[in-house]
1. How many lysine pairs does the chain hold where the Cα atoms are under 24 Å apart and the two sit 8 or more places apart or on different chains?
2. Using the Kirkwood formula on the Cα atoms of the stretch 128-255, what hydrodynamic radius do you get, in angstrom to one decimal?
3. 5 Å is the cut-off here: which amide hydrogens, built 1.01 Å from N in the peptide plane, fall below it relative to LEU176, excluding neighbours closer than 5 in sequence?
4. Which Cα, out of GLN15, ALA148, GLY105, lies furthest along the positive dipole direction of the stretch 13-210 (beta carbon charges, K/R +1, D/E -1)?
5. Using Cβ counts within 10 Å as a stand-in for footprinting exposure, how do SER194, SER233, SER226, SER200 rank, fewest first?
6. Of the listed values (1) 18.5, 62; (2) 35.8, 132; (3) 22.6, 76, identify the label whose number matches Rg and Dmax of the Cα atoms in Å calculated from this model.
7. Considering only the chain, what is the antiparallel percent among its DSSP beta bridges, to the nearest 5?
8. Pick from GLY56, GLY209, GLY135: which is most flexible by mean-square fluctuation in a GNM of the chain where alpha carbon atoms under 10 Å apart are linked?
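Each value in this text was obtained by applying a stated rule to the coordinates, not by laboratory testing. All figures in this text were calculated on a predicted structure; none of them were measured in a lab. Cβ: placed from backbone, ideal geometry, glycine included. Neighbour counts: every protein chain shown.
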Amino acid sequence: MPFDFPLMSTPTPAQQRAFFETYGILKLPGLLKNEIAGIIAEFEAAFAELGRNPDGTRRRSIVPFVDQRPGLCALLDHPAILAAVGNLLGPDFNYVSSDGNYYTGDTGWHRDSLYQSSSYIKLALYLDRVTKDTGCLRVIPGSHHDAALKIWDGTVTAESEANFGVHGRDLPAFPLENEPGDVLLFNHRVLHASFGGSSSRRMFTMNLGRRAKDPKEYDDLISYLSYHIRPHSSTPYGKTMLETASPARLVHLTQPQQFWAAAGEHYKLRTAKPGAA
């Protein structure tokens, strides 16, 4: 029997938010079904333009990704995306970064970051049908909570064969099987993995965060941005993203740009060699 995500017939925004806060994941089936053909065309155009076409031997990636093409930038203007993300993070959420990928093989268990529990989330779009055994996202629901960080400290699942004598693919987890047009949202702190996929699985993600409003959140934003620093770049965003931005979209781009220089300094301090002047 195929796995499916538990769905209520008409979940309210409050119910979706409660589900996400409890389990750290949310699947929105068919949210971009009508747009998926255009999204796939823009995805493939971005890889072709940058000469990153896959050969099936290793992962191919572009960062930042949605910034490369007008049709992908426009996802930040899409009413359904704005409503779904705004429900979880607030209507003035930050778009922080994105990556486009042709994946090859397995991706082991990991978290994307350990910042404040609900501050950073990932929006993922798989452009091919993927199932439990063909590379869909697997998650350990609820693993984003503080108590779960103590149980699963980052090495427990990553080193499952040494710890339990069990391959990562056989750990208890929930498979988020996916059809093109579905949208997946998950907390950065949720443990996730993928097993059994083909050599050229197409997917891209957008990293999104709650607008920082206090000193701790400002520090987290600076730290987070410092992991996305690109040499000689004066902005976290690509040219197309900024040139096509409406005033409404700029709401989601302003704060990361304000803290980009501070993130650059954080990057220098974090990567400085011991004893360097």
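1. The number of close lysine pairs in the chain is 11.
2. One over the average 1/r among Cα pairs gives 17.7 Å for the stretch 128-255.
3. Those lying under 5 Å, H to H, from LEU176 are LEU137, ARG138, VAL139.
4. So the residue furthest toward the plus end is ALA148.
5. Ranked by crowding around the Cβ, least crowded first: SER233, SER200, SER226, SER194.
6. Answer by label: (1).
7. Counting only bridges with both partners in the chain, antiparallel ones make up about 95 percent.
8. Answer for the Gaussian network model of the chain: GLY56.
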